[in-house]
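Reviewing the structure listed below.
Values quoted throughout were computed directly from the atomic coordinates according to the rules given, and no laboratory measurement underlies them. Every value quoted in this text rests on a predicted model; they were computed, and no experiment measured them. Positions of Cβ are generated from backbone atoms using ideal geometry, with glycine treated the same way; all protein chains shown enter the neighbour counts.
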């Protein structure tokens, strides 16, 4: 089931074809095995306060949210084999195509709607 992700603060649609990874195996796999993440696509990984890019093939943007879907961390263009910082207040992360967060001007404190 596809979900949409909207930044209510900046009034920008971040994704219209999002997926949720909420099981152990879907969270473990994440975007591994994919060759790209297209504009309009996103992956929301629950129970996550940091990510790694080991064995990934492409850079992404990562937006970390707290339990109320408020942005607590933004990582632009994290490249393969890099680690994100740990965002201790984060409860999930939205992985998006590289450049989307800058284009939509997403920043700490923004309110995100996931539907």
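Can you tell me which residue among 24, 87, 64 is without any contact (Cβ under 8 Å) to a residue 60 or more places away in the chain and surrounded by fewer than 20 Cβ atoms within 10 Å (Cβ to Cβ)?
The conditions single out 24.
Take the conditions under 10 Å from the mean Cα position of the chain (by Cα) and under 20 Å from residue 115 (Cβ atoms) and apply them to residue 21. Does it pass? No. Answer yes or no: is there a residue in region 2-11 that is without any contact (Cβ under 8 Å) to a residue 40 or more places away in the chain, out of contact with any strand residue (DSSP E or B) (no Cβ under 6 Å at 6 or more places or on another chain) and either surrounded by fewer than 20 Cβ atoms within 10 Å (Cβ to Cβ) or more than 20 Å from residue 100 (Cβ to Cβ) (or both). Yes, region 2-11 has at least one match.
Scanning region 67-84 for residues that are part of a strand (DSSP E or B) and either touching a residue at least 24 places away in the same chain (Cβ under 8 Å) or in contact with a strand residue (DSSP E or B) (Cβ under 6 Å, 6 or more places away or on another chain) (or both) turns up 70, 71, 72, 73, 74, 75, 76, 78, 83. Only residues that are in contact with a helix residue (DSSP H, G or I) (Cβ under 8 Å, 6 or more places away or on another chain), assigned to a loop (DSSP other than H, G, I, E, B) and closer than 19 Å to residue 110 by Cα: list them for region 10-55, please. Passing the criteria: only 48.
I'm checking my understanding of the structure. Among residues of region 85-115 that are assigned to a loop (DSSP other than H, G, I, E, B) and closer than 18 Å to residue 34 by Cβ, which one is nearest to the chain's Cα centre (by Cα)? Residue satisfying both the conditions and the ranking: 98.
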